[in-house]
Amino acid sequence: MDEHIDSEAIGPNNVDVSTLEALMLHYQAADAAATERLLGALCPLLIRFFASMPDTRPVADDLAQDTLLRIHRARQTYRPGEPLLPWVYAIARHTRIDHFRRNRSRRAKEEPVDAADLQKFAAPPQESSNLREFDALLSNLPESQREVLTMLKVLGMTVEEVARATSSTPGAVKQKAHRAYETLRSVLERPSQGQSTAKERA
Amino acid sequence: MNGPHLQFDPERHTLTEAERRHLAECRSCQLLFGSAEPLGGASRPNAAVVNTILKDLKPVKPLPSVPRLALIFGTVLIAVLAIFTYLTGAKGFFMLSPMAQMLMFSIIGVGATVFSFSVAQQMIPGSLRRVPLLPVAIALCVAFAAVVGLLFWDVTSWAPPQMIHSCLWIGLGAAVVTAAIGSLIVRRGAWTDWFSSIVSIGALSGVSALLVLTVHCPILKASHIFLWHGGSIVIVMLAAWIVARRYR
């Protein structure tokens, strides 16, 4: 996956949501130009979605491309007038879950190797220290709360959009976010004691 | 701290001067802002992916709305009821008192509506769910047990069963037919939560079994209803859960 379409050919990436929804309707009507523009606009959003979570960050680009294919197969399920991004993120989330499931079954068949041996050959990490600290901070949260918090605060989605994307109810999303804030607050206020307390709660 | 905490807006790529000043001083925002830094790598669709999609580009008709899809599943329940009533009769319906009819069919009606909507929502990614499914399912089970226990309680009938009653087979038959037709319909959708989707179809099939048995079965004893009618629902739900567990 190393050959890429020129972004100029597919238009600007930061298209507003109503434009995306209009492009989606043209996509459903098999308009090739609109399809290319829509795919070009969705790709950075999807990469950002996968890169915002540490466990899918290394494969964010591959998962984004996989999601585009899934979006194509599911394009008849988008309803005109409904918000597009929760629909896209719901499919992306399913891609992410499938990725974990595949990894889990693959790991079950693999022989474990000595991590210290691998470390000698590993490239130095390229992530910024802020990103590592952010990941460490979020590692205090259970997976479901981490996902909700990332969608709300990093991807900038509303509670209703997160509920739609995670097949949940707005009430459940609010509850998870509240619990996540409480945990993070305790971690940020007492950095040394907070991490163990938060893990116990999780 | 300098000013309020930063609010992340994915559409906006620059910070105001006030936000920059705040970011320089606030450790919490520095951590959160770090996660929003560009992460490198290509942010464009792969040429092979775009070409594959463009080659396969055909017009598609959007799925019906969730209420319409739910109505289709409701029609399936009625069709299954009609088939089984034709085959096995409707003695049970005429044996029930008006009060029992109202209570039993109210529970079945609520269950059919909730689970039809649930299956329909599972077909469309990003559908908004306003009602949590599990508490509703538990409430319906409790209501069913309470109604049957209050209306049809008979201590003398609690003897161990000698053989499998035909009600179990009729209930399972109705559930299997509902699940098969339902599965054909949901293939047009795109499941993003396989576990919930399979459990919802199982629950809808269970409601179908209960509907058919309530109309068919003239034995109005709590022991019989709990064991054979409830048993068919338990078997259907258990089968759905076992299948769905693979996708958890």
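Data for the structure
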item	result
Trypsin sites (Lys or Arg not before Pro) within the range B:167-229, DSSP loop, no more than 13 other Cβ atoms inside 10 Å	B:Arg187, B:Arg188
Mean Cα-pair separation over length for the range A:9-109, i.e. relative contact order, pairs under 8 Å, 6 or more apart, %	25
Theoretical gain in end-to-end length, B:Lys221 to B:Leu151 [0.36 nm per residue, Cα-Cα removed]	24.3 nm
B:Tyr247-B:Leu184 pseudo-label distance in nm [points 7 Å out on the Cα-to-Cβ vector]	2.0
Compactness of the range A:9-109 - radius of gyration and Dmax, Cα, Å	14.2, 46
More than 18 Å apart - percent of Cα-Cα pairs taken over the range B:51-108	62
Amide hydrogen neighbours beyond the local backbone of B:Cys217, cut-off 5 Å, H modeled	B:Gly92
Computed over the range A:26-77: relative contact order in percent, which uses C-alpha pairs under 8 Å that are six or more apart	30
Cα convex hull of the range B:66-245 - mean projected area over all directions, nm²	10.2
13 Å tail of the calculated P(r), the range A:44-97, as % of Cα pairs	54
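Bear in mind that the values in this text are calculations on the coordinates, not laboratory data. Predicted, not measured: the structure shown is a model, and the values here were computed from it. Backbone-built Cβ (ideal geometry, glycine too); neighbour counts: all protein chains shown.
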